[in-house]
1. So how do Ile139, Ile15, Ile35 line up by other beta-carbon neighbours within 10 Å, fewest first?
2. Which is the longest stretch in the chain that no exposed loop site breaks, taking sites as GluC sites (Glu not before Pro) with a DSSP loop state and at most 14 other Cβ atoms within 10 Å?
3. Under Stokes-Einstein, with the Kirkwood radius over Cα pairs standing in for Rh, what whole-number D in µm²/s applies to the chain at 20 °C and 1.002 mPa s?
4. Only Cα pairs within less than 10 Å get springs; with that Gaussian network setup on the chain, which residue of Ile16, Ile100, Ile203 has the largest fluctuation?
5. Between Met259, Met198, Met163, find the one with the highest GNM mean-square fluctuation for the chain; connect C-alpha pairs within less than 10 Å.
6. What order do you get for Val177, Val255 when you list them from fewest to most C-beta neighbours inside 10 Å?
7. How much length would be gained if the chain were fully extended between Cys72 and Met198, taking 0.36 nm per residue of separation minus their Cα-Cα distance, in nm to one decimal?
8. With charges only on Cβ, +1 for K and R and -1 for D and E, what is the dipole size of the chain about its Cα centre, in debye, rounded to 20?
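Values in this text are rule-based calculations from the coordinates and carry no lab data. What you are looking at is a predicted structure, and each value in this text was computed from that prediction instead of being measured. Ideal geometry is used to build each Cβ from the backbone, glycine not excepted, and the neighbour counts take in all protein chains shown.
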Amino acid sequence: MELIPVDTYADYRSIIKGKRLINNGFLPNEIKNYIQEKRLFYFLVKNYLFFLYDEVNYYQLVCGVVDNNTICEADTFKVVKPVVCHIINNNKNSLTGVTIKFLQKNKFRLRCTIHEYVRENLDKLPVFYNDDFIAYNKINNLECQDILSLWQQNLPFYEVSYMLPADVQKLAEKNQVICLKDSHSGRIAGACYYDVFMGTTTIHHIVTDPAYRDKGCAAILLTKWMEEAKQAGAKTARSWIEDTNTASKRSFLKVGFVMSTNLSYQYIL
């Protein structure tokens, strides 16, 4: 199956015109960035249009478009690099079922089920403070490298393998990185980044250094993130948490999040 690069954002819009999107993991600016850097590809099978982005060491399947609810026996594809596919939906509708069937047919396996956690009100935020830690979003270049190292050592390979210090720096320049530092040693105890889109902020790559676990670091990071996102215009905050990640669930519930009906099924080849 031939991978075809997407050359312009206009091409991307033309490709998806009139299609029914099952899942789209991209924000418009992210799509434009991948196209500009020649990292966005797509391929076609009879009933499907799939987009992938090249993240140096792997491809991630970011959205599927279905023209109808049938699967042809010839609808198979071959990718030589690891692939992760996220399917996001409110309930198990027919389009989601078709995509899952297609992935299973192509030897994908379910890695995990991910729940969405939402906080609808950012007006009254809880206060979590500890003199031993400082939370801030003015990140220098050296700290960007340290934050990336923290993510790479504590997140699955397909989550951050594509990121470079320059990518973290770009996020930091937009004040979208939150860093938690040990006020005594200067060591980075935790970090995350976030975006704000249409009044909703989503947190990504939230990690606490294992040496600082069970010290309330996650709650400090989460409240700092919501404070900054609120100032950027967010009204609602959300995160996606793996079903088996009980520690993260406790942290998000602690700062006022509730589990929504939205699920993400993550399949891996």
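1. Ile15, Ile35, Ile139
2. 121-269
3. 108
4. Ile16
5. Met198
6. Val255, Val177
7. 41.6 nm
8. So the magnitude is around 680 debye.
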